[in-house]
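Notes to accompany the following structure.
The values are calculated or read from the model by the stated rules, or taken from the named source; none is laboratory data. Note that the structure is predicted; figures quoted are calculated from it, not measured. Positions of Cβ are backbone-derived with ideal geometry, glycine not excepted, and every protein chain shown enters the neighbour counts. Ligands, DNA and RNA are stripped out before the accessible areas are found, and what is left, the full protein with its side chains, is counted by its heavy atoms. Shrake-Rupley method; radii C 1.70, N 1.55, O 1.52, S 1.80 Å.
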Amino acid sequence: MNKRFLGVLTFAFLVAAGASLVLYRVLINRPAPPIAGPALTQVVLATKDLELGTVLKEEDVKLADWPGRCR
């Protein structure tokens, strides 16, 4: 192999290794993003089976958390 080619190849390898090391150090020291829980929406649920046309009272329904967002 040509000595000049070997020198250029060695230099390119060292530059690539150095750039990889710098990128690794930057990425490894980055703080982790906060883990957010699932978005919850409150929905109204029936507490028992209701007949069609039933007038609702407060004890017939309840609020519950539901995963996801309303659109």
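Compare the Cα positions of Thr54, Phe5, Gly18 along the charge dipole of the chain (+1 at Cβ of Lys, Arg; -1 at Cβ of Asp, Glu; about the Cα centre) and return the one farthest towards the positive end.
Of the options given, the answer is Phe5.
Tell me, what is the per residue accessible area of the chain in Å², probe radius 1.4 Å?
About 100 Å² of surface per residue is accessible.
Report, to the nearest whole %, how much of the accessible area of the chain belongs to carbon and sulfur atoms, 1.4 Å probe, protein only.
65
Mind pulling the angle between the C-alpha long axis of helix 3-28 and the longest principal axis of the chain? Nearest 10 degrees, somewhere in 0 to 90.
30
Modelled label-to-label distance, Lys3 and Ala16, 7 Å Cα→beta-carbon offset: nm?
A separation of 2.5 nm, rounded to one decimal place.
Give the cross-link partners of Lys48 among the lysines, using a straight C-alpha distance below 30 Å as the criterion and excluding same-chain residues fewer than 8 apart.
Lys57, Lys62
Would you mind checking the radius of gyration and Dmax of the chain based on alpha-carbon positions, in Å?
Every Cα atom of the chain included, Rg and Dmax give 31.5, 93 Å.
Size of the dipole of segment 26-71 about the Cα centre, Lys and Arg at +1 and Asp and Glu at -1 on the beta carbon, nothing else charged, in debye to 20?
The dipole of segment 26-71 has a size of about 440 debye.
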